[in-house]
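The values are calculated or read from the model by the stated rules, or taken from the named source; none is laboratory data. Note that the structure is predicted; figures quoted are calculated from it, not measured. Here the Cβ positions follow ideal geometry from the backbone for every residue, glycine too, while neighbour counts run over all protein chains shown. To get the accessible areas, we keep the full protein, side chains included, count just its heavy atoms, and leave off ligands, DNA and RNA. Shrake-Rupley method; radii C 1.70, N 1.55, O 1.52, S 1.80 Å.
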Amino acid sequence: QVQLVESGGGLVQPGGSLRLSCATSGGIFSTYVMGWYRQAEGKQREFVAFITVRGSTNYADSVKGRFTISRDNAKNTVYLQMNSLTPEDTAVYYCQISNKSPPSWGQGTQVTVSS
């Protein structure tokens, strides 16, 4: 059974940066399309970014130019580098294996952007 564990969240000031990690185990990471999603309090979960097996990426308009998704197949890990953070980025961030049916999710990591 595949497991996903997110880490790297925390409290950061506006304009700051964080790098989230999502380590996977129990599957063949190199075959997975990996995604990041987030859910702010009282709101629906929303798409943030994904990266394909070949490394192609796509981003939500709200994070384009500020966030970068990447993967390290040797470490079975996907990353989300987040720069120029704003309070609107405050949410629980989840990673997902997108090309599994049903998709697999991690437990989430809290990101809080506040002064």
(message) Testing the spin-label approximation: label points 7 Å from Cα along Cα→Cβ at Asp61 and Phe47. State their distance in nm.
(response) 1.3 nm
(message) Bin width 10 Å, origin at 0, all Cα-Cα pairs of the chain: what percent of pairs per bin?
(response) 15, 51, 29, 5, 0
(request) Subtracting the Cα-Cα distance from 0.36 nm times the residue separation, let me have the gained length for Gln39 to Ser7 in nm, one decimal. (result) 10.0 nm
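Just to be sure I follow: if Rg is taken over the C-alpha atoms of the stretch 1-61 and Rh is the Kirkwood radius over the same atoms, what is Rg/Rh?
That ratio is 1.00, to two decimals.
What's the carbon and sulfur percent of the chain's accessible surface, probe 1.4 angstrom, rounded to a whole number?
46 percent
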(request) Skip the ligands, DNA and RNA, and give the accessible area per residue of the chain with a 1.4 Å probe, whole Å². (result) 53 Å²
(request) Rounded to the nearest Å, what's the spacing between the alpha carbon centres of the stretch 67-81 and the stretch 3-41? Just the number, please. (result) 8 Å
(request) Only Lys, Arg, Asp and Glu count, each charged at its Cβ (+1, +1, -1, -1), so figure out the dipole size of the chain about its Cα centre, rounded to 20 debye. (result) 280 debye
(request) Could you pull out every residue, at least 5 positions away or on a different chain, whose amide H is within less than 5 Å of the one on Val48? Hs are placed 1.01 Å off N in the peptide plane, and Pro or chain starts have none. (result) Trp36, Tyr37, Arg38
